[in-house]
Amino acid sequence: MYLDGNQKAMINKCEYENLKLDINKDTNALIEESYQIYNNTLLKSKITFKGKILLLKSEKDLHTMKEQGYEHIVSMKNNLGLRIYEKNRMIYIPLIEKIFNNCSDKQCNNLKIYKDKNDICIWCKKLDYLIVLSERKNGYLLQTAYPIIYNHKRKEVEQKANENGIF
């Protein structure tokens, strides 16, 4: 079957792309908004993946008094090994729940799920967003999630997804 350009665009269209937060907001406002979404959607919801519950790091970071799971999603290590907030990471917080509840079990064409050593990676090709899980006895621990912004990282992820695809 031949698909024209509009039909191809519809196949890869993501209805959740518009849920990203506004990157032009002040960093402190983005921290508060993304943290509220994290609390209301990830901490309070019973999100599952492949029939197992999604676990979150609930210990509080002593400096920010926010959960370590949140901190690992919205920050990255700088050259000194300290975690710094990154707007590019914060704006994707609303999409995590959608990827699990609306995309991963529906065989979305935009998702590639693969193994990288002991981690399970969920890559949304359309949004260039990667979610990293570790399997535990009682579920899957959400390690981190981040947008892929560098071409070399995208090529690495694509290669691993093609070689180690599991679902």
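Restricting attention to the range 114-127, and to residues there that are crowded, with 17+ Cβ neighbours inside 10 Å and farther than 19 Å from L42 by Cα, which single residue is farthest from the chain's Cα centre (by Cα)?
Y114
When you look at L30, is it crowded, with 16+ Cβ neighbours inside 10 Å and either modelled with pLDDT of 95 or more or charged (D, E, K, R) (or both), yes or no?
yes
Give me the residue from the range 59-81 that is at pLDDT below 85 and either within 22 Å of D26 (Cβ to Cβ) or acidic (D, E) (or both) and, out of that set, surrounded by the most Cβ atoms within 10 Å (Cβ to Cβ).
My answer is E67.
So which residues in the range 40-79 are under 21 Å from K98 (Cα atoms), without any contact (Cβ under 8 Å) to a residue 12 or more places away in the chain and not in a helix (DSSP H, G or I)?
K44, K46, G51
Tally up the residues in the range 82-94 that are free of Cβ contacts under 8 Å to residues at least 12 places away in the same chain and closer than 16 Å to L30 by Cα, please.
Residues meeting the conditions: 1.
Could you count how many residues in the range 122-157 are in contact with a strand residue (DSSP E or B) (Cβ under 8 Å, 6 or more places away or on another chain) and either assigned to a helix (DSSP H, G or I) or more than 23 Å from K87 (Cβ to Cβ) (or both)? Quick ask: steps written out before the conclusion?
Within the range 122-157, the first condition is being in contact with a strand residue (DSSP E or B) (Cβ under 8 Å, 6 or more places away or on another chain), and the residues that meet it are 122-125, 127-136, 138-148, 157.
Filter again for either assigned to a helix (DSSP H, G or I) or more than 23 Å from K87 (Cβ to Cβ) (or both), leaving 133-136, 138-141, 157.
The number of residues fulfilling the criteria is 9.
Take the range 103-129 and flag every residue that is in contact with a helix residue (DSSP H, G or I) (Cβ under 6 Å, 6 or more places away or on another chain) and closer than 17 Å to I53 by Cα.
Listed by number, the list is empty, since nothing qualifies.
Taking the condition at pLDDT 90 or above and in contact with a strand residue (DSSP E or B) (Cβ under 6 Å, 6 or more places away or on another chain), does I91 pass?
No, not satisfied.
Every residue in the range 130-156 that is buried (at least 17 other Cβ atoms within 10 Å of the Cβ), over 18 Å from K52 (Cα atoms) and either basic (K, R) or free of Cβ contacts under 8 Å to residues at least 40 places away in the same chain (or both), please.
Within the range 130-156, L130, I148 qualify.
What is the residue count in the range 82-113 for residues that are surrounded by 20 or more Cβ atoms within 10 Å (Cβ to Cβ) and aromatic (F, W, Y)?
2
The values are calculated or read from the model by the stated rules, or taken from the named source; none is laboratory data. No experiment lies behind these values; they were computed from the predicted model shown. We place every Cβ from the backbone using ideal geometry, glycine too, and count neighbours over all the protein chains shown.
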